[in-house]
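Before any comments, here is the structure.
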Amino acid sequence: MKKWTILGAVLLAAMVISTGCGGNKKEEASASPEASSAAAGGAKAITIEATNFKFDQQEIKVKKGEEVSITLKNTQGNHAINIEGYDKEIKANKTVTFVADKTGEFKFICSIFCGKGHEEMIGKLIVE
């Protein structure tokens, strides 16, 4: 009986670990990772592609007062972004729009723990 309990616990742990960044879950990304200045409603559109332990853009620059739409595309693994100082979270394949009303540098991080390398998933939103 003890052997089955241990086996069940090991399998459960493996399933939990595989749902993080290292899960190798492929999702199709249809948008370009490049920032464009013409989004619906005049907002600056930015797409960030996330793979295991890396964002394709570590630095994003916008102007104070500018409306910004950030889309997160997961191309590998399961990720979300938290922008510190703006209290914004962008979930996988979702877009968040806000006005960049504070100047400064604001760190953004992967907000879903994804295993070894997770702490390297950081970037910077620079509002000038």
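The values are calculated or read from the model by the stated rules, or taken from the named source; none is laboratory data. Keep in mind that what you see is a predicted model, and the values were worked out from it rather than measured. FYI the Cβ positions are ideal-geometry reconstructions off the backbone, even for glycines, and counts take in every protein chain you see. With ligands, DNA and RNA removed, areas are computed over all heavy atoms of the protein, side chains included. Shrake-Rupley method; radii C 1.70, N 1.55, O 1.52, S 1.80 Å.
In segment 96-120, the residues that are touching a residue at least 12 places away in the same chain (Cβ under 8 Å) and on the phi > 0 side of the Ramachandran plot form Cβ pairs under 6 Å with partners that are open to solvent by 30 Å² or more (accessible area, probe 1.4 Å) and assigned to a loop (DSSP other than H, G, I, E, B), at six or more places apart or across chains, as follows: 117/53. All told, residue 68 meets the bar of being in contact with a Lys or Arg (Cβ under 6 Å, 6 or more places away or on another chain) and either within 16 Å of residue 43 (Cα to Cα) or of a type in the set (Lys, Arg) (or both). Within segment 99-123, which residues are part of a loop (DSSP other than H, G, I, E, B) and small (Gly, Ala, Ser)? Correct list: 100, 111, 115, 117. Remark: pairs (first residue in segment 52-66, over 16 Å from residue 82 (Cβ atoms); second residue among the basic types (Lys, Arg) and open to solvent by 60 Å² or more (accessible area, probe 1.4 Å); Cβ separation under 7 Å; 6+ apart in sequence or on different chains) = 59/124. Kindly indicate whether residue 126 is part of a strand (DSSP E or B), at pLDDT 95 or above and buried (at least 19 other Cβ atoms within 10 Å of the Cβ). Here the answer is no, as residue 126 does not meet what is asked.
Please work out which residue is surrounded by the fewest Cβ atoms within 10 Å (Cβ to Cβ), limiting yourself to segment 51-98 and to residues that are polar (S, T, N, Q) and assigned to a loop (DSSP other than H, G, I, E, B). That would be 58.
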